[in-house]
1. Rank the residues 97, 47 as a footprinting-exposure proxy: fewest other Cβ atoms within 10 Å of their Cβ go first.
2. Return the sequence-ordered ³J(HN,Hα) values of segment 40-52 in whole Hz as given by the Karplus equation 6.51 cos²θ - 1.76 cosθ + 1.60 applied to θ = phi - 60°, using x for Gly and Pro.
3. Give me the net charge of residue 37's neighbourhood, meaning all other residues with Cβ under 12 Å from the Cβ of residue 37; Lys, Arg count +1, Asp, Glu -1.
4. Tell me the Kirkwood hydrodynamic radius of segment 1-49 in angstroms, computed as one over the mean inverse distance between distinct C-alpha pairs.
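What follows draws every value from the coordinates through simple rules; no lab data is involved. As the structure is a prediction and not an experimental result, all values here were calculated from the model. In this analysis, Cβ positions are derived from the backbone assuming ideal geometry, glycine residues included, and neighbour counts consider all displayed protein chains.
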Amino acid sequence: MVYVADYLPDLVQASLDLLIDGETGVWQLTNGEPLSWAAFAARVATHAGLDTSLVRGVPSRQLDRTAHAPGLDARGGRGSGLMPSLADALTRYQLDHEPKPAPIPPLRGTPPRPAMERSTAVPTH
C-alpha cells in the first residue's frame, strides 16, 4: 500500500487558499509523492540524519490491522502541485519541532556579562 504523507499546516493553507478563491468541487491535495510507510520512515530518518538500516518494511497483512486502508490514486489530479514537496515539509516540521538548545550557564565565580545592546548609531565612512 502507498500513502501520501502531507504536513497538516500545508493542507490547511492550501484549503484556505481554495476557499478564499471561491473554488468548489473535489480537490486532491497532496504533495504528489506516494510512499509506503517504510519508505516514508526511511525518508524521515534520512532527513534527520539517522540510520536508515533500522527501518524495516513488512507486508501490510502482517500488521494485524482491524480495518484495511483504501488504496490511493496518488498520480495527481485537480489540485496537484498546490502543496509543497515532502522534503520541504520535513524541513519545516523539523525546524518547528526541534528542541532549542539551552543557554550556556556562566562559569562559577564569573560575573554574568551584560546583554549586548544593538547600536542605533549610523556608521560614518
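1. On the way: 97 7, 47 15.
Fewest-to-most ranking of 97, 47: 97, 47.
2. 3J(HN,Hα) across segment 40-52, in whole Hz: 5, 4, 5, 5, 5, 4, 4, 4, 8, x, 9, 6, 6.
3. Details: positive: 43, 56, 65; negative: none.
My count for the surroundings of residue 37 gives +3.
4. Numbers: mean 1/r = 0.0801 Å⁻¹.
One over the average 1/r among Cα pairs gives 12.5 Å for segment 1-49.
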